[in-house]
């Protein structure tokens, strides 16, 4: 069982930064050199237009009190019965932890009466392009996306039912 702790203090932001720094491949894909504390702070406050902070869930993922990752989701977005997963980042990959975390989150979201999960994957992120379909996500559209650093990439928007 995993716990999802809010990233709201200096200590939790530093823990999140360690996870970010363990995922240098992702930052290469989005055209970023190296994540910093500013990256974490920006992620913590980023909310889609029309949504409030109360719908944002920026969390450390813990297993037996050890930080194993970071996730960020928005409830009620893009539609009332949807969850938008903005980030899933696991520090030590290829151990099945991502699948396990998502299985737990899917169950939690089902219990909260959400119907659909949506996310975006940069087309050049080959690891993510292989990972998400294994969890039942299907492509629904492609669109350009501009990251905080100004880098623009083509993103495949994927969706799955809960």
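Kindly check whether there is at least one residue in the range 46-54 that is part of a helix (DSSP H, G or I), buried (at least 16 other Cβ atoms within 10 Å of the Cβ) and under 14 Å from the mean Cα position of the chain (by Cα). No: zero hits. Restricting the search to strands (runs of 3 or more DSSP E) fully inside the range 68-162 and requiring at least 2 residues that are modelled with pLDDT under 95, in contact with a strand residue (DSSP E or B) (Cβ under 7 Å, 6 or more places away or on another chain) and surrounded by 15 or more Cβ atoms within 10 Å (Cβ to Cβ) gives 116-122, 152-161.
For the range 1-20, a tally of residues being touching a helix residue (DSSP H, G or I) at 6+ places or on another chain (Cβ under 7 Å) and part of a helix (DSSP H, G or I) returns 4. For the range 55-67, the tally of residues that are part of a strand (DSSP E or B) and either surrounded by 16 or more Cβ atoms within 10 Å (Cβ to Cβ) or within 15 Å of the chain's Cα centre (by Cα) (or both) stands at 8. Select from the range 42-68 the residues that are closer than 17 Å to residue 89 by Cα and in contact with a helix residue (DSSP H, G or I) (Cβ under 7 Å, 6 or more places away or on another chain) and list them in ascending order. Those that are closer than 17 Å to residue 89 by Cα and in contact with a helix residue (DSSP H, G or I) (Cβ under 7 Å, 6 or more places away or on another chain): 58, 60, 61, 67, 68. When residues in the range 21-42 are screened for being in a helix (DSSP H, G or I) and in contact with a strand residue (DSSP E or B) (Cβ under 6 Å, 6 or more places away or on another chain), 1 of them pass.
Filtering the range 3-12 for residues that are more than 20 Å from residue 145 (Cα to Cα), crowded, with 16+ Cβ neighbours inside 10 Å, in contact (Cβ under 8 Å) with a residue 24 or more places away in the chain and more than 16 Å from the chain's Cα centre (by Cα) leaves a non-empty set.
The values are calculated or read from the model by the stated rules, or taken from the named source; none is laboratory data. The structure presented is a predicted model; accordingly, all values stated were derived computationally and were not measured. Here the Cβ is made from the backbone with ideal geometry for all residues, glycine too, and neighbour counts use every protein chain on show.
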